[in-house]
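Chemist: The structure under discussion is supplied below as structure tokens; questions concerning it will follow.
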Amino acid sequence: MTVIETSLKDCFIFEPKVFGDKRGYFFESFNQHQFNKLTDTNINFVQDNESYSTKGVLRGLHYQLGKHAQSKLVRVITGSVLDIAVDIRKDSPTFGQHVAVELTSENKRQFFVPKGFAHGFVVLSETATFAYKCDNYYNKESEGGIIYNDPTLNIDWQLPERELLVSEKDVILPTLEHAKL
């Protein structure tokens with residue numbers, strides 16, 4: 001597995017070694033020991049989640065607060081998404097900056113989003129199945145979010161605004177300036 005550092009400290013892209021032949025392919029999607037060694041962390045994932053969405057569905061930007069904060073390791077099983085992580089660590093030199101990674105069933109990349117980041121994605125293909133590991137359990141009272149089109153974040157979601165399908169809950173999220181951090 002190859003690890004690629006991003007412009008945001010502690011966010012990593014992983015590219016697995018894929019072994020393919022005429023029968024198909026095989027790759028190791030996760031190895032706890034190797035993951036912790038490559039990230040210099042001691043993460044223990046406790047929950048796996050999966051979502052299925054159609055083109056233009058935008059989920060995010062979400063995070064968990066306090067003792068319920070979550071690190072996530074995300075990947076796409078089918079389709080293609082643009083995945084976004086926003087640094088919301090107030091004392092970070094990259095506070096308010098984001099990184100975008102295209103995750104596809106073809107490139108099999110995975111993206112590690114540590115605690116202290118808001119996370120979201122938009123589906124670029126006709127459909128997508130998105131999977132993620134979390135190192136903490138979801139807690140409704142600790143959830144937070146930032147509106148996807150916050151002008152200070154200036155995120156290019158790669159689709160026209162009119163094609164985005166955003167939940168009622170996500171469309172009323174505050175800007176970063178007004179978010180509960």
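Chemist: What are the pairs with Cβ atoms under 9 angstrom where one residue, in the range 161-176, is within 12 Å of G144 (Cα to Cα) and free of Cβ contacts under 8 Å to residues at least 60 places away in the same chain and the other, located anywhere, is basic (K, R) and outside any strand (DSSP E or B)? Sequence gap at least six, or different chains.
Modeler: Within 9 Å, the pairs are P174/K180.
Chemist: In the range 121-129, is there at least one residue being over 19 Å from M1 (Cα atoms), among the charged types (D, E, K, R) and surrounded by fewer than 19 Cβ atoms within 10 Å (Cβ to Cβ)?
Modeler: Scanning the range 121-129, I find at least one residue that is over 19 Å from M1 (Cα atoms), among the charged types (D, E, K, R) and surrounded by fewer than 19 Cβ atoms within 10 Å (Cβ to Cβ), so the answer is yes.
Chemist: While we're on this one: Give the range 94-132 a look and list any residue that's under 20 Å from L8 (Cα atoms) and either of a type in the set (K, R) or free of Cβ contacts under 8 Å to residues at least 40 places away in the same chain (or both), or say none.
Modeler: F95, E102, L103, R109, K115
Chemist: So, restricting to strands (runs of 3 or more DSSP E) that lie completely within the range 36-145, which ones have at least 3 residues that are on the phi < 0 side of the Ramachandran plot and polar (S, T, N, Q)?
Modeler: Qualifying strands (runs of 3 or more DSSP E): 47-54.
Chemist: Hey, another quick one. Regarding Y148, is this residue surrounded by 13 or more Cβ atoms within 10 Å (Cβ to Cβ) and either without any contact (Cβ under 8 Å) to a residue 40 or more places away in the chain or touching a Lys or Arg at 6+ places or on another chain (Cβ under 7 Å) (or both)? Spell out the reasoning first.
Modeler: Working: surrounded by 13 or more Cβ atoms within 10 Å (Cβ to Cβ): yes; either without any contact (Cβ under 8 Å) to a residue 40 or more places away in the chain or touching a Lys or Arg at 6+ places or on another chain (Cβ under 7 Å) (or both): no.
So Y148 fails the test.
Computed from the coordinates by the stated procedures, all read-outs in this text should not be read as laboratory data. As the structure is a computational prediction, the values presented were derived from the model and not from experiment. Because the Cβ atoms are built from the backbone with ideal geometry, glycine has one as well, and the counts that use them run over all protein chains shown.
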